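Taking it in order: structure first as structure tokens, then the write-up.
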Amino acid sequence: MSRDGALGLHWRDADRLVFHAVPPKAESPRLVMLDVRRPGTDLLAVETLHTMETFGDGTALTLPGRTRMVVSQVGTSRDRDQGIVVVEPPAKRPTGSVFASGCGGIAAFTLDPSGRYLLVGVDNQAGMLVGDPPEPACGDAPPYELFRVDLQGRSGSTVSNTYRHGDVPSLDLPRVRVWQGERALYDIAW
């Protein structure tokens, strides 16, 4: 999820497409929306839904039936500060953190069709420490993990997610690791 990363294309509703864009000479990427009902040259007109922090990056998914989005964010700190936050356009800042990757990197994320659950793939190999041989930055953590976060926040047999992303307060939503393994997990879907 770097500045030259994925387009992050998704449908916000039946007529509006959201994607990641970096305007010329901009210090931060934007999440912009294109209304595909507009004919001809107006098709290029876009609306900015969210501006990332300076030199940050990320992509988004819209929660079904809502204006709210979950947005992946990569910060500018040394450990890259990867997390997923909730944004309600046209808010100027995220309203809360729903997931922080810790020492690993967010490899992929998706929503279930209802928008209640978020699946997050984490790559704990992303931060290899220099050495001979190189060592994983996450110590004994499995190389790859998949987490399910309950966005409605109902408790059950899940573990509370008390991690926060950057300066954004945690929404303290329950999460559970649903898979771990040795193979990379970069494409996930419900």
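The values are calculated or read from the model by the stated rules, or taken from the named source; none is laboratory data. Here the structure is a predicted model, which means the values were calculated and not measured. Cβ coordinates were reconstructed from backbone atoms using ideal geometry, including for glycine residues, and neighbour counts include every protein chain displayed. We work out accessible area using only protein heavy atoms, side chains counted, and drop any ligands, DNA or RNA first. Shrake-Rupley method; radii C 1.70, N 1.55, O 1.52, S 1.80 Å.
For region 172-187, the Karplus equation 6.51 cos²θ - 1.76 cosθ + 1.60, evaluated at θ = phi - 60°, returns couplings of 6, 8, x, 9, 9, 7, 9, 6, 8, x, 9, 9, 5, 10, 10, 10 Hz by residue, with Gly and Pro reported as x. D35 contributes an accessible area of around 30 Å² to the protein surface, as traced by a 1.4 Å probe with all chains present. Counting only protein chain heavy atoms and rolling a 1.4 Å probe, the accessible areas of C138, C103 rank, largest first, as C103, C138.
Report the extension gain between C103 and T48 in nm, rounded to one decimal, defined as 0.36 nm multiplied by the number of residues separating them, less their alpha carbon distance.
Contour length minus Cα-Cα distance gives 16.7 nm.
Take the Cα of T41, step 7 Å toward its Cβ, do the same at S28, and the gap between the two points is 3.2 nm. A simple rule links phi to the HN-Hα coupling: the Karplus curve 6.51 cos²θ - 1.76 cosθ + 1.60 with θ = phi - 60°, which for region 33-41 gives 10, 10, 8, 7, 6, 6, x, x, 5 Hz, with x for Gly and Pro.
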